[in-house]
1. Under 6 Å between Cβ atoms, which residue pairs at least 6 apart in sequence (or on different chains) link something in the range 1-29 that is more than 16 Å from residue 58 (Cβ to Cβ) with a partner that is at pLDDT 95 or above and of a type in the set (Lys, Arg)?
2. Picking from 97, 86, which residue would you name as being closer than 30 Å to residue 55 by Cα, among the basic types (Lys, Arg) and not in a loop (DSSP other than H, G, I, E, B)?
3. Of the residues 39, 64, 103, which is of a type outside the set (D, E, K, R) and at pLDDT below 95?
4. Residues that are surrounded by 14 or more Cβ atoms within 10 Å (Cβ to Cβ): find the strands (runs of 3 or more DSSP E) completely inside the range 27-67 holding 3 or more of those.
Amino acid sequence: MYAIIEVGAKQFNVQKGDIIQVEKLDSKAGKDINIKEVLLVSKEKKVEVGQPFVKDAKVVATVLEQSKGPKVISFKYKRRKNTHWKKGHRQKLTVLKIKDIELA
């Protein structure tokens with residue numbers, strides 16, 4: 001059984017037991033969250049596609065930790081103009097473990 005969920009502005013293909021990194025969610029480590037933005041659910045040979053979301057379907061996940069992604073450096077340079085800038089960014093992430101996919 002697998003599902004396609006939407007968290008933030010991104011979509012993830014998840015199964016029970018998967019560990020995914022999503023954009024930061026306001027939740028403490030160890031808490032369970034319910035994700036109701038389920039776009040597709042496949043159970044054995046039966047597939048349900050939502051318009052846009054599947055009704056009465058949810059994915060239960062546990063928050064493992066709040067972390068940061070790798071550092072990304074942005075550097076802009078104009079030759080012969082003595083102009084440049086350098087900026088760094090680290091995206092804040094939430095690590096989730098999928099506990100169950102529920103379909104009513």
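1. Pairs found: 19/97; 24/92.
2. That would be 97, the only listed residue that is closer than 30 Å to residue 55 by Cα, among the basic types (Lys, Arg) and not in a loop (DSSP other than H, G, I, E, B).
3. 103
4. Correct list: 38-43.
The values are calculated or read from the model by the stated rules, or taken from the named source; none is laboratory data. All of these numbers come straight from a predicted model, not from anything done at the bench. Positions of Cβ are generated from backbone atoms using ideal geometry, with glycine treated the same way; all protein chains shown enter the neighbour counts.
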